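Single-structure report; data block below.
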Amino acid sequence: MPNLFEDRRSSSDFDPARPLPDGLLREIVRLAAFAPSANNLQPWRLIAVRTDEAKRRLHAVANRQPRILLAPVTLIVVADSEGFGAKNPSWDELVERAGGDRTRIERQIAVTASRYGVSPETRTKFAHKNSSLLAMSLMYAAKSLGVDSHPMDGFDVDGVVKEFALAPGEQPSMLIALGYHDDAKPLAPRRRRRTYDELVEDL
Ligand SMILES: Cc1cc2nc3c(=O)[nH]c(=O)nc-3n(C[C@H](O)[C@H](O)[C@H](O)COP(=O)(O)O)c2cc1C
């Protein structure tokens, strides 16, 4: 029986002749959006790079990684380092649940800000911890629907911020190329993973 965890691989050779239907991309994102996040704040958004023109712009600021041109879609996972703030609409849901009593939620917003908003380092950690869970969820959601993926960190952060007009506080977290592996091209052999005994300190 196929296993998502064992079967997901980073595909370097996407088949440029196989598009990713819009409905499938939407379903991958819908499933991945179930990823957990601190206070359910979901401090992220995605930019779907799909046109040749947008691919060329991303390719130029992402070490010219060829898979960006080959894959039908590359998602820019954008992390919001200010996403714990009062402006995040996720708080409104809690206000509603509290019967419209915003004062009760304001205390929670202040506590959250005191945890994540104290320094550039805590803001960046907040942004990247959360958005990395979305990134992983995107890859497993894709695999569950038969779609291959490739995560990439090899890009010029300032270049992506500028080229894709990210807002103040937004940081590009990861690129996830999505599509179908070209079966004519062999995958690199699977690299060894650490075992339970190497990974776990049993107390
Ligand atoms: C955060 C992160 C960044 C990565 N960045 C790149 C990258 O820029 N270029 C690349 O070729 N592979 C990149 N990879 C892919 C890894 O090399 C790959 O996941 C690893 O070798 C294990 O292979 P597998 O995904 O096929 O199991 C990245 C993976 C992760 C998780």
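The values are calculated or read from the model by the stated rules, or taken from the named source; none is laboratory data. Keep in mind the model is a prediction, meaning the values are calculated, not measured. Cβ: placed from backbone, ideal geometry, glycine included. Neighbour counts: every protein chain shown.
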Exercise for the section: Find the helices (runs of 4 or more DSSP H) located wholly in the stretch 85-203 whose residues include 1 or more that are acidic (D, E), within 19 Å of A35 (Cα to Cα) and away from the ligand (no atom under 12 Å from the Cβ), and list them. Expected result: 90-97
Problem - Every residue from the stretch 122-176 that is of a type in the set (G, A, S) and under 15 Å from the mean Cα position of the chain (by Cα) - result: A127, S131, S132, A135, S137, A141, A142, S149, G154, S173
Completion exercise
Within the stretch 31-55, of all residues that are under 26 Å from G169 (Cβ atoms), part of a helix (DSSP H, G or I) and touching a residue at least 24 places away in the same chain (Cβ under 8 Å), the one nearest to the ligand (Cβ to nearest atom) is A32
Completion exercise
Among the residues of the stretch 56-84, the number that are within 13 Å of the ligand (Cβ to nearest atom) and either at pLDDT below 95 or of a type in the set (G, A, S) (or both) is 3
Practice task
Kindly indicate the residue of the stretch 94-124 that is under 24 Å from G169 (Cα atoms) and of a type in the set (K, R) and also surrounded by the fewest Cβ atoms within 10 Å (Cβ to Cβ) among those meeting that condition.
Solution key: R107
Practice task
Would you check if T74 is outside any loop (DSSP other than H, G, I, E, B), under 22 Å from the mean Cα position of the chain (by Cα) and over 23 Å from L138 (Cβ atoms)?
Solution key: no
Exercise for the section: Please tell me if A86 is out of contact with any Cys (no Cβ under 9 Å at 6 or more places or on another chain) and more than 27 Å from E163 (Cβ to Cβ). Expected result: yes
